[in-house]
Amino acid sequence: MADHPATHHSGALLVVGGYGVVGAQAARLLRQRDPGLRLLIGGRNPERAAKFAESIGARALAVDVGRPAPLGALDERPAAVLGAVSDRWGHLVADAMRLGIPVADIHRAADADVLDVSVAAARERPTSPVLLAGSWFAGLAALMAAAAVRELGAADRVDVVVLVSSDDRVGPDSWGFADRLAWPYHPMREGRRALAQPMTEARRARCADGAERPAALVGTLEQTTLPVTLGVPTVETRMALQSPASLRAMVALKRSGALRALTRPALRPVRSALLERPGAGDFAGLTVTARGSGRTVRVDLLDPRGQAHLSAVGAAWAAEQVLGAGLPPGVSFPEQSAHPKADFDLLRQSLVQVRTAGFTRAP
């Protein structure tokens, strides 16, 4: 696992979606960590990009990820790209690979998304890093798992419990995973790929705030990658909502078939009203528990500023990785570049509450 990069970088970082809920917070955090960093704020809305860019001493660029070559027309070549917006068609990542620009993507989280990038990488044969940081909270779930597994040496099982709130402030892409709640996914169970249904197998789980709540399975990227990258036979991720009644309602929607029905384009307004409403703000948390060799270690992250801020911390970490010189060319995932001491330092510096248990030495 590579060392964490320094917080002073040469060259410009392009944050695509940099004026969105997560992208803007990530850009501000990167500015705080490196006041001299040249930031480019890109997106399809030049006015919003320019207004936000001016507020943090950055430059705005028009970047439309819906176009086949979104980076090709830029008048300035960035040193690296952070994709903080849904790159549904994969144009941004593919163009970065084609041009040899290091890129980090925080939204590709489904099995099919990773497959698309892997096929594109086989075609483009990238000469620069392609960091897929789409596990929960922009890679933080994978980083905490890497820290826990490293402490054990090897783990038989990793359990991830994410605590979110339907009252939290999120952007339109943050609840985009609502589409995935309707369809099965393929986690690793005892070393074999299994078929699992999201919003099932609900059970009580300890959350990052210390409370127990019902939590149900959800399909996430770390369940696809951690068994391979860290050699963990079983990885399961569950989601808990601060209101247990809200989780029970989502489980009922899944059982009734309503979640699948809501994926129909004609019902998009209904789905948005039910599952994608941004709130005023709430806290969010993450608990990662690893077990092996008769030991259990746990990491709790609790962020009073909510899931968007926690994701922004992960996004800032990913941006610093592709800006540095530590990543190899080609596709990789956050857990492969974890450096627990520096990663925990970043979290604490970002005012995320960090608690650990079972570690022989506090990270």
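The values are calculated or read from the model by the stated rules, or taken from the named source; none is laboratory data. What you are looking at is a predicted structure, and each value in this text was computed from that prediction instead of being measured. Glycine gets a Cβ as well: all are built from the backbone with ideal geometry, and neighbour counts include every protein chain shown. Please note that ligands, DNA and RNA were not included when accessible areas were found on the heavy atoms of the full protein model with its side chains. Shrake-Rupley method; radii C 1.70, N 1.55, O 1.52, S 1.80 Å.
For the residue pair Arg260 and Glu76, what label-to-label distance in nm results when each label sits 7 Å from Cα along the Cα-to-beta-carbon direction?
Simple spin-label model gives 5.0 nm for this pair.
For Ala12, list long-range residues whose amide hydrogen, built 1.01 Å from N in the peptide plane, is under 5 Å from its own amide hydrogen.
Under 5 Å from the amide H of Ala12 lie the amide H atoms of Ala79, Ala80, each far enough along the sequence or on another chain.
So, taking all protein chains as they sit and a 1.4 Å probe, how much accessible area belongs to Leu230, in Å² rounded to tens?
That residue has around 40 Å² of solvent-accessible surface.
Given R₀ = 45 Å, what would the calculated FRET efficiency be for Arg88 paired with Ser293, taking r from the Cβ atoms and rounding to 0.05?
0.60
Just subtract the alpha-carbon distance of Ala122 and Arg44 from 0.36 nm times their residue separation and send over the number in nm, one decimal.
Residue separation times 0.36 nm, minus the Cα-Cα distance, leaves 25.2 nm.
Where a ≥ b ≥ c are the square roots of the eigenvalues of the C-alpha gyration tensor, would you call the range 290-363 rounded, which needs a/c under 1.5, or, failing that, prolate if a/b is larger than b/c, or oblate?
Judged from the Cα gyration tensor, the range 290-363 comes out oblate (a/c at least 1.5, b/c at or above a/b).
Just by accessible area at a 1.4 angstrom probe, what is the order of Phe137, Phe283 from largest to smallest?
Phe283, Phe137
For the charge dipole of the chain, defined by +1 on Lys and Arg C-beta atoms and -1 on Asp and Glu C-beta atoms about the Cα centroid, which residue among Gly191, Val85, Leu131 has the Cα displaced farthest towards the positive pole?
Gly191
What FRET efficiency would be calculated for the residue pair Arg248, Thr360, taking the C-beta separation as r and a Förster radius of 35 Å, to the nearest 0.05?
0.35
So, counting K/R as plus one and D/E as minus one, what does the shell of residues with Cβ under 9 Å around Ala145 add up to?
-2
With a ≥ b ≥ c the root eigenvalues of the C-alpha gyration tensor of the range 1-106, is it rounded (a/c under 1.5), prolate (a/b larger than b/c) or oblate?
Oblate.
Which value at 222 nm does the chain reach when only helices count, each DSSP H run of 4 or more adding -39,500 (n - 2.57), with the total divided by all residues and rounded to the nearest 500 deg cm²/dmol?
Using -39500 (n - 2.57) per qualifying helix, the result is -10000 deg cm²/dmol.
How do Asp75, Asp95, Asp345 rank by accessible surface area computed with a 1.4 Å probe, from largest to smallest?
Reading off the accessible areas and sorting them downward yields Asp75, Asp345, Asp95.
As a test of reading the structure, rank Trp317, Trp136 by solvent-accessible area (1.4 Å probe, protein chains only), most first.
Most to least solvent-accessible, the answer reads Trp136, Trp317.
First compute the accessible area of the chain with a 1.4 Å probe, then give the percent of it belonging to carbon and sulfur atoms.
Carbon and sulfur atoms account for 52 percent of the accessible area of the chain.
How big is the dipole moment of the chain about its Cα centre under a simple scheme where the beta carbon of each Lys and Arg is +1, that of each Asp and Glu is -1, and everything else is neutral? Debye, nearest 20, please.
Using Cβ point charges on Lys, Arg, Asp and Glu, the chain gives about 700 debye.
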